[in-house]
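Heads up: the structure comes next, in structure tokens.
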Number of protein chains: 2
Amino acid sequence: MSILVVGSVAFDDVASPSGSVKNILGGAGTYFALAASYFTQVRVVAVVGEDFGAEQEQVFRKRGIDIRGIEHAAGKTFRWGGTYSDNLNEAKTDFTDLNVFERFQPRIPKEYEDTEFLFLANIQPTLQADVRRKMHAARLTGCDTMNYWIQGTPKELAETLKLVDVLLINDTETKMLAHESNLPRAAHNVLAMGPRALVIKHGEYGATIFFREGAFGIGRHPFRAPTLPIEEVKDPTGAGDSFAGGFMGYIASQEELNREVLKRALFYGGVMGSFAVERFGTERLQGLTREEIDERFQVFRELTHLE
Amino acid sequence: MSILVVGSVAFDDVASPSGSVKNILGGAGTYFALAASYFTQVRVVAVVGEDFGAEQEQVFRKRGIDIRGIEHAAGKTFRWGGTYSDNLNEAKTDFTDLNVFERFQPRIPKEYEDTEFLFLANIQPTLQADVRRKMHAARLTGCDTMNYWIQGTPKELAETLKLVDVLLINDTETKMLAHESNLPRAAHNVLAMGPRALVIKHGEYGATIFFREGAFGIGRHPFRAPTLPIEEVKDPTGAGDSFAGGFMGYIASQEELNREVLKRALFYGGVMGSFAVERFGTERLQGLTREEIDERFQVFRELTHLE
């Protein structure tokens, strides 16, 4: 099955205790697409500027990603700069130049209309809802968001949440969205807003998936996947989007959607996130093999597996 | 096998968003002893004052805990008061009255000298080392500590760490002790100080055990156990000590010490910690059954188990 991601493609400047890079290919849509490409056919809807050329296209093409939905607009591509200090969990944003992204109006190519799996990366909630409404063939829609939309456009976000199946956010975002500091109670509040499942990403501690009663016919017991403790985190940028790519990509690659598939998807999410942070930018995600991925999946499994 | 715990027995005042209690039985030694008592014979070395009477003794006796090592001194028992706000991960200490605990000099009853498992709860490191040196029959020694000793008596703590097998501390304490902000690197630094294994407690995210190369003949791959997301955390006091009680108590109950036993011990630690926080003080730990414990163990296992 193929999966469509709608989100940002960007150029990033990143500094971390391990070094710094400038003008590297980034953006939620990019990280998601690369991570998902190891599992299934990926299609991208995004906007880029005149500074996005053959070199960048090649990164997608090498992974067999369909970029007919990447619109080229006059002006510059979205640029972001961030610095990570010793606490790698949070970036200090140095600058955000939206550029062509500011007027992004996602256009779905005709050839993409039959896509059955959809991921709405972190963009303005009304745009997310518009895309969802256009994708009539979508069987499963995943969605990301952030504190900026949770606090700034809560009504628009509430509308979007009614249209998605799985929301993927972190602990802080969950508590903020639910107005509740206890995580499992917050999860239930969020599920009451619309999604059938909620994936809460805990950073270095893994992720938990919570289900609405009866969702996917599998009951509401949560499931948790660990992540590997990583000694060398070079660049945490894109870890969450890579997680989403592994999670959604694996689901899209499976015939059936059952509890075991969702559990494995959560592990594959962690695996792709753990690869992403090992190098700056998307470097690690560009050159993986499915064997390496499955090997790490086994390491993650062993990390918590009781006989 | 029996296990000896050396640590505090106290009276606590606790306030949390769920309510407040005064003068309830607490202390690291108490939580540890009660949690471990569901797995093995427990012996306690502690000091109490004249306000500790038959009612408190009965709490230990009902669980078959040997309290011949609890010394009765003139004066009052150690008292602690703390308040938890919405962030239940950290208590604001309202008062600490050490009372008889200030001059605590652990005395090991002759009948305890053959104890093969030892847990040094969070007390002054030199006292921990003294006890360890006296316990010639100890096959496995667990140890706790806190930021107060890590920062205040680093040399004394370093000596103690050379004498223990397993150190059980949280993320912040690990990073502080190792002078290193990356958790797995910090873990390796701590293991180089002496312990063969390090259990890092992640609060609501579970715990990870790191091993020194070749420790217990099981290689150095870490293992991680989750905890159950709990909707109603009434009182987090003693969660870490209850974790240690479940972890060490399960180990002491097993014939052999191998990787599978240590993995299960980590799960049992999480199980006992999760019970402890469901009610104020030690209430939940006083009235459990082994069946309830094993049932929750299965729930924890299911939480991360892939077919």
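Numbers for the structure displayed
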| item | result |
| --- | --- |
| Ratio of the Cα radius of gyration of the protein assembly as shown to 2.2 N^0.38 Å, where N counts its residues | 1.04 |
| Shape parameters for chain B, alpha-carbon atoms, Rg then Dmax in Å | 17.8, 58 |
| Using a 7 Å Cα-to-Cβ projection, A:PRO109 label spacings across copies, nm, ascending | 8.0 |
| Cleavage-rule hits, GluC sites (Glu not before Pro), the stretch B:5-106, DSSP coil, Cβ neighbours within 10 Å at most 13 | B:GLU50, B:GLU90 |
| Taking N as its residue count, the alpha carbon Rg of the stretch A:210-284 over 2.2 N^0.38 Å | 1.22 |
| Inter-copy label distances at B:ARG185 (7 Å, Cα→Cβ; nm, one decimal) | 3.9 |
| Rounded if a/c under 1.5, otherwise prolate or oblate - the stretch A:1-156, Cα gyration tensor axes | prolate |
| Reduced Cα scattering model of the stretch A:65-180, Debye log10 I(q)/I(0), q = 0.11 Å⁻¹ | -0.45 |
| Chain A: DSSP helices with Cα axial extent of at least 15 Å and average Kyte-Doolittle hydropathy no lower than 0.0 | A:239-252, A:259-276 |
| Entries of B:LYS110/B:LYS263; B:LYS92/B:LYS201; B:LYS155/B:LYS263; A:LYS162/A:LYS201 with Cα pairs more than 28 Å apart | B:LYS110/B:LYS263; B:LYS155/B:LYS263 |
| Calculated label separations, B:ALA158, copies of the chain, 7 Å along the beta-carbon direction, nm | 5.9 |
| Alpha-carbon centroid distance for the pair the stretch A:65-108 / the stretch A:266-305, whole angstrom | 24 Å |
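Where a number appears in this text, it was derived from the coordinates with a stated rule and is not lab data. Everything numeric here is computed off the predicted structure, so don't read it as measured data. Positions of Cβ are generated from backbone atoms using ideal geometry, with glycine treated the same way; all protein chains shown enter the neighbour counts.
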